[in-house]
Structure formats: C-alpha cells, structure tokens
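What follows is a short report on a single structure.
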Amino acid sequence: MSLDERITVRISKQDKDILQQRAADLNVKLNKLIRLKLIHVPVEPSHTIVSANFEFCQHLNRIDFQLRKIGTNINQLAHNANLSMQMGSPMQSDIKQLNEMFDAIEETRRLVVDTYNQINPTQVKASANK
C-alpha cells in the first residue's frame, strides 16, 4: 500500500497528547494509529512490554545455580557407580555427597517457594490463612 496522499486535520493540544499517549501505549507511530482508527480497524499493541523484577531474576539465577549443582552431584555419583561396577566391587554410598545433594535440593525448594511468593504474594497469604 502506497501512502502518497495527505490529509490535514487540526486538533487541540489535549487531543494530540491523548493520541500520542495511546500510540505510545500500543507501541505504534501516531500517524499509523490515526489511519487505523479512521477506518475503524482495531489497534493492538505490536509487542508486549514486560517489566522485570530484579529480586525475581536473582531468585531464578540462584535456582539455576542450585539445579546445576544437583546435576553435577548426580553425574559424580553415576560416574562412581560405573567405576565401582567395572571394578567388580559393590558400590559404596558416599554419605557426604548424598548429604550435599540433599542440602542442594532443600535450598532449591526454598528458592522455588521464595520465587513463588514473589510472583503471587496474595495467593500465598490466602493459602496461609486457611
């Protein structure tokens, strides 16, 4: 579609400010918003703007770190089990590694709960009151 025709319309400063705000909210140019509104085409945002909560991102990073630690521990235990089986001796449980893995899982669980509280604090309060 070629935009080679021009129409001039005079409006108040207040109306222009309102239109500019709507265009900014929808993330479209003002002239496009006006064109679409004039021909009665519903205007939707071209993309969604998401605000990020820094604490939420920190929680997610800590969860990611804990999950990686758990994966490392599981790989170490699997490696030790394979070596033990290749050597013909029964696998000896390494209590220290298992306890570290349990601690990492507990820390991850706490981080998930904290993250959930960050996402939906009202529902957590409601469920705590039951």
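For ILE11, what charge total do you get from the other residues with a beta carbon under 14 Å from its beta carbon, if Lys and Arg give +1 and Asp and Glu give -1?
Values: positive: ARG10, LYS13, LYS16, ARG22, LYS37; negative: ASP15, ASP17.
For residues surrounding ILE11, the net value is +3.
With R₀ fixed at 25 Å, the C-beta to C-beta distance from GLN21 to GLU44 puts the FRET efficiency at about 0.90.
Residues with beta-carbon under 15 Å from that of GLN66, excluding GLN66: net charge, scoring Lys, Arg +1 and Asp, Glu -1? Here the count lands on -1. Modelled spin labels at ARG35 and GLU100, positioned 7 Å past Cα toward Cβ, are 6.3 nm from each other. Using R0 = 30 Å, the C-beta based FRET efficiency linking ARG110 and ASN80 works out to 0.60.
Quick note: the coordinates plus some simple rules give every number you see, no bench work behind them. Since the model is a prediction, treat every value here as computed from it, not as a measurement. Quick reminder, even Gly has a Cβ in these numbers, built from the backbone with ideal geometry, and neighbours come from all protein chains shown.
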